[in-house]
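Student: Here's a structure for you.
What follows draws every value from the coordinates through simple rules; no lab data is involved. What you see is a predicted model; the values in this text were computed from it and never measured.
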Amino acid sequence: MAECSFCGEKFKPGTGLLFVKRDGTAFFFCGRKCEKNLLSLKRKPGSTKWTQAYQHAKKAGKAGKKVERKQKEAKEKKEKPKKAKKRRVRRKKKKK
Ligand SMILES: [Zn+2]
């Protein structure tokens, strides 16, 4: 049983894809979805929700860090005194 390099799922021999980079590193993919996500979309398995790597990171408490940081930043923003925002007014185009 080969294991997918992206999502971590096991798949039957004779199915899936094998991608070998120029430098010789080999990637096994369970399907086109995983290949696309890793190679062309350049997503990381640790930050893609439907992968096993994400689930492991979530259990270890690493996956939620990004959200926590965002919440912290939002809190800090709230504490700072707000400046009056300039309003942008869209002007309507005149019809000829
Ligand atoms: Zn996969």
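Student: So for the range 2-63, what are the equivalent ellipsoid semi-axes in whole Å, largest first, each being the square root of 5 times an eigenvalue of the Cα gyration tensor?
Tutor: Values: eigenvalues 87, 37, 19 Å².
They are 21, 14, 10 Å, listed from largest to smallest.
Student: What do you get for the angle between helix 65-79 and the principal long axis of the chain? Use alpha-carbon atoms, 0 to 90 degrees, nearest ten.
Tutor: Long axis of 65-79 versus the principal axis of the chain: about 10 degrees.
Student: Under 8 Å for C-alpha pairs, at least 6 residues apart: give me the relative contact order for the chain, rounded to a whole percent. Working shown, then result.
Tutor: On the way: 83 pairs, mean separation 17.3, N = 96.
The normalised contact order for the chain reaches 18 percent.
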